[in-house]
Amino acid sequence: MSKLLLVSSPFVRDERNTPQLMRDVIGSLVPILIMSMWVFGVIALLMVAVTGATAVVTERLVTSKRSLHDGSALLTGLLLGFVLPPGLPLWMGALGSAFAVGLGKAAFGGLGANIFNPALLGRAFLQAAFPEAMTTWVAPQMGFWQLPERSLAWPLMGSHVDGISAATPLGGFKFQGLTTDLSEMVVGTTAGSLGETATWLLVLCGLWLALRKAFDWRLPVSTLFSVALLSWVLHATVPERCADPMTMLGSGGLMFAAVFMVTDPVTTPVTAKGMWLFGFGTGVLVVLIRSFGGLPEGVMYAVLLMNAVTPWINRFTQPRVFGGLA
Amino acid sequence: MGMSIFLMLGLALVFGTILSVAHRFLHVDEDPRIDTVADMLPGSNCGACGEPGCRAFAEKLVSAAAQPAGCSVSATEQVDEIAAFLGVDAGERVKLVARLHCGGGRGLALNAAEYSGMSTCGAAALVNGGNKACEWGCLGLADCQVACTFDAIQMNERLLPVVHPDLCTACGDCVVACPKDLFTLEPISQPLLVQCKAPTTGEAARAVCTVACDGCGRCVADAGEGVMVMEQGLPVIVQPLLTSRSATFRCPSGAIAWVEGSQFAFEAMEV
Amino acid sequence: MVLIASAPTFSHGVHPADQKARSATEPIGRMPFVREYSVPLRQHIGAASEPIVAVGDIVQRGQLIAKRASFVSTNQHAPVTGRVKAIETRPHPSGVSVRAIVIESDPFSSQQMGASGPRSDQALADSVSDAGIVGMGGAAFPAHVKLSVPEGRTVDTLLMNGCECEPYLTCDHRIMLEHPTAVLEGTAMIQTALGAKASVIGVEQNKSDAADVLRAASKGSVSVAQVAVKYPQGAEKMLIKAVLGREVPVGKLPLDVGVVVHNVGTAFAVHEAVRLGKPLIERVVTVSGPAVSQPRNLWVPIGTPICDLLAFVGLDQLDQYIVISGGPMMGQAQKNLQAPVVKGMSGILVFPAAHQATKEYPCIRCGRCLDACPMFLNPTRLWLLTRNRDIEALNQHHVQACFECGSCSYVCPSHIPLVHAIRMGKKLVREAQV
Ligand code: SF4
Ligand code: SF4
């Protein structure tokens, strides 16, 4: 070994690195898991464990090059688990996770090269393949050890839907014109996907991640702001279609997506202007789909749609070079 | 769905008509031999002939602005065929080959430091000129091998690029790729090579590389009148095409070499 | 997102730990004379100087030994009294060896400078040119060139750069603290020569003691502007933006917006040259870094081998070092410690090699590099375009506007060597132009 080492400048670096960012996000999912177990019982743990493990195994299988240990596959799997309904058969979760990592991520060329948010792509796949199972909601707080019967169903055995289905706040609003108590949505004791119900905790996690600079704050802020703004306007004009801003913000997958999905650096714009645009676009789509679409919830499609136009956003929001013409 | 298919078909029809009409009226008459000759060329568009591509060279050939032998990639028979087709002289065919002007591979030239970073010569050269004590020397990170479209370059165990003369078409890509400008294209018939580019002399040169030219000038003296001169510490061959090896006899380091075929052939056998 | 009232600055940039406390309170000491000096004939931007001494000549400290070869070139003077040992190709901190005048110092000499008095009788540009002064901030542009205003142009403001935004470096800070009057006088001379209406000294807030000292000494003749602590605040264009709010157009010079920027160290050297007739034969160098337990600021004769300087200051015992000429953001790692201290060298930093744990990850497209780039470029895109050798697109994305500040590499969480790649991209573009 020579006494001297030649490396390129700069010789000092910001301490944040990519695996660390992944770890931060994974770490912030832990309290959410605990909360989810309190609301839905042990099934939360099972589902997330299954999707997480499947993701890691899939990555090992499909990537030829030495795994980078950047934690991104695990993160994809965990995120997918949290956006699935609690009563979904576990094998479906596993299938979705394999799809998310195998096709949503690895097929594009691995971390950094995928266009769509892989976890949401996995969920979209499940939604298309098993529309019924994906829209059947288990009521919260059924008892910690009580597993929805179909959770452990064998693959392709045509799981019958239990009678214990409940309405999500958004579903209730859309199909029955019901409003859910705001406090329930904040605490998280409503029906919904595993990780999305406890709004207060999601806000806390989001703040922590923002302080740790794990993501760019502009993305969630612009998303939430545009949802609030547009729903405020729409609620005033067509109240029967559009819920009030607080319900909009506190219900469904919005807060979870704002903290964990629209903040995914890979599938969102790199430019500052682009980030604002992405957030506003997502927020507007969420409100429009929720209010005028056939489905009660539209966060997933909103984010995926914006993912699709991200390369285009990047192209048209190139920063103006310092000292360049305006 | 059906509607849009009809629409597309309609559009195709409209544009197709416009194009064919335009072709009729705007068509420039072109010597049909150009296409034929272009087909006879190798089609690798390597640029060794000095033209941007094979077709451009074909145009030159047809207008007699170039000679078929100017294509160094084609085999001799192919060149003769083109010459016969055009009814012209094939021209003098000088087989050029890329030669490296450095012999200081691993174990022969001293490393002043260790380099860590992007693994290309171009990147390494930007960090204080690279890790070699001799700043003119080959960095051994194979930019030339990557650049060569004909797979004519292999790195040897001393991390020096060895150019295979039969595969080398003298396209010059390695000349461009090397950040230390170590390659030149030389006639293969000219075996005398100076395998060093360091202008340093004496102890300064010897201290950093065992195969460096230290500027002693013996080769110039031994080569005979008017064959070589010393310029800035290095011998320069002014009159090529040698048959006598005399210049190499007393070189203390082997920096001046007699190469028939590949460079470093002896080295390659050694390990 | 700093909510406290912030000082003027530019947009974007990064906040590396400044590490200046290690040497900021260390008064400028003196590097003792060593045995051999190598004065490169090129220590500046422009043509190499032409030697006017021969091997074997006895030279006196401060004596002119090489003359500038053209307008953009500089004079060189003997840093010591001694004998010219050789004029030959020698290592240079840039990594490209250049011809140098090698002087063997006379161990018995008192190292007094040759007699020369003040030079207030001639034009400032001439005195400065005679003294061989270059910009002391790092770029080493011959100073006299920036002392005359081209025909038809006017300069309204002279901006003195006392930012020293590179971490670890404290040489400018010490000069401002220890020689405020000289800095101010030098500034006044430059201002007069340029015919500028005003002069402003820009100082980063982490050197407010220096700003206070300057303010007190100037009694209002020169204004001192405190600017935010941010890298690269000391880059000409960024400083102009921060202090004057003007944006130098792409590919243009500060002169095009009526500004000339000089370093405070240059002002000090100008003052020395005019008042004392002292040529630029030594400069202040900060020797610091994690592998230096006792960082110093030292007057070092030009031509002192880096290894002698390090031996004097003392290094921690380590297996492998990174020796950097300049600051940790834009400096250059050294492979040959025989290379000498040159006029533009503000620091020698030593890092343990283990410091550089740089495992590269794929780009996660987080956009941090865009947010860091003071030139508002798209570093991750430039990196990709360089790998694809797409020269046209590199030009479209203004690759040449990058001044290699390294902010992008600094922030990248995936440790992608962005600025290194962009440097290659710039080279590709340059080569394609010829
Ligand atoms: S692209 Fe150039 S100017 Fe911009 S941050 Fe990187 S090094 Fe600095
Ligand atoms: S900072 Fe690094 S990871 Fe982030 S966009 Fe730039 S190059 Fe990619």
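Brief remarks follow.
- Per-residue Karplus couplings for the stretch B:148-160, computed as 6.51 cos²θ - 1.76 cosθ + 1.60 with θ equal to phi - 60°, are listed in order as 6, 7, 9, 6, 8, 10, 10, 7, 8, 6, 8, 6, 10 Hz, Gly and Pro entered as x.
- Interchain or long-range residues, amide H under 5 Å from C:G29's placed H: C:N297, C:L298, C:W299
- Amide H contacts under 5 Å for C:V134: C:A143, restricted to partners 5 or more places along the chain or on a different chain, H placed in the peptide plane at 1.01 Å from N.
- Candidates C:G234, C:G46, C:G220, ranked by Gaussian network fluctuation over chain C, Cα under 10 Å, top entry: C:G220
- Under a 5 Å amide H cut-off, with hydrogens placed 1.01 Å from N, B:V97 pairs with B:E186, B:I188 among residues at least 5 apart or on other chains.
- Once the Cα gyration tensor of the stretch C:121-276 is diagonalised, semi-axes √(5λ) in Å: 21, 19, 14
- For the stretch B:128-238, the per residue solvent-accessible surface stands at 41 Å², with DNA, RNA and ligands left out and a 1.4 Å probe.
- Estimated FRET transfer efficiency (B:Q190, B:A84; beta-carbon r; R0 35 Å; 0.05): 0.75
- Each principal axis of the Cα atoms in the stretch C:185-250 has its own extent, and those three values, largest first, are 33, 29, 15 angstrom.
- Highest-fluctuation residue, A:L207, A:L61, A:L230 considered, GNM on chain A with Cα pairs under 10 Å: A:L61
- Gyration tensor (alpha-carbon) shape descriptor, chain A, a/c threshold 1.5: oblate
- Inter-site label distance for B:Q239 and A:W38 at 7 Å from Cα along Cβ, in nm: 9.7 nm
- The stretch A:83-153 and the stretch A:1-64 have Cα centres separated by 19 Å.
- Here the accessible area is traced with a 1.4 Å probe on the protein chains. For the protein assembly as shown, carbon and sulfur cover 60 percent of it.
- Placing +1 on each Lys and Arg Cβ and -1 on each Asp and Glu Cβ, with no other charges, gives the stretch B:33-86 a dipole about its Cα centre of roughly 160 debye.
- Zone residues, the stretch C:251-270, relative to C:Q400, backbone N less than 18 Å from point 7 Å out along Cα-to-Cβ: C:251-256
- Label-reachable residues, the stretch B:48-79, where backbone N falls under 14 Å from a point 7 Å from B:R93's Cα toward its Cβ: B:67-79
- Per-residue HN-Hα couplings for the stretch A:83-92 [Karplus 6.51, -1.76, 1.60; θ = phi - 60°; Hz; x = Gly/Pro]: 9, 9, x, x, x, 5, x, 4, 5, 5
- The HN-Hα couplings worked out from phi for the stretch A:301-308 by the Karplus form 6.51 cos²θ - 1.76 cosθ + 1.60 (θ = phi - 60°) are 5, 4, 5, 5, 4, 5, 3, 5 Hz, whole numbers, x standing for Gly and Pro.
- Of the beta bridges in the stretch C:121-276, as assigned by DSSP with both residues counted there, near 5 percent are antiparallel.
- Shape class for the protein assembly as shown: oblate, because the ratio a/c of the largest to smallest gyration tensor axis (alpha-carbon atoms, square roots of eigenvalues) is 1.5 or more and b/c is at least a/b.
- Modelled FRET efficiency - R0 35 Å, C:R246 with C:V434, Cβ distances, 0.05 increments: 0.60
- Residue of B:S44, B:S116, B:S253 that the Gaussian network model of chain B assigns the largest fluctuation, springs spanning Cα pairs under 10 Å: B:S116
- Cβ screening of chain B for cysteine pairs under 4.7 Å finds these without a partner: B:C49, B:C54, B:C71, B:C121, B:C134, B:C148, B:C168, B:C178, B:C209, B:C216, B:C219, B:C251.
- Nitroxide proxy distance, nm - points 7 Å out along Cα→Cβ at A:L178 and A:A139: 0.9 nm
- Only Lys, Arg, Asp and Glu carry charge here, each on its Cβ (+1 for the first two, -1 for the last two); on that basis the stretch C:368-433 has a dipole of about 120 debye about its Cα centre.
- Cα→Cβ-extended label distance, 7 Å offset, between C:L384 and B:E203, nm: 5.5 nm
- Residues A:I26 and C:W299, FRET efficiency given R0 of 51 Å [Cβ-Cβ distance, rounded to 0.05]: 0.45
- Debye log10 I(q)/I(0) for chain C, one point scatterer per Cα, at q = 0.10 Å⁻¹: -0.71
The values are calculated or read from the model by the stated rules, or taken from the named source; none is laboratory data. Source: prediction; values computed, not measured. Using ideal geometry, Cβ is built from the backbone for each residue, glycine included, and neighbour counts are taken over all protein chains shown. Just so you know, the surface numbers come from the protein's heavy atoms only, side chains and all, with ligands and any DNA or RNA stripped out. Shrake-Rupley method; radii C 1.70, N 1.55, O 1.52, S 1.80 Å.
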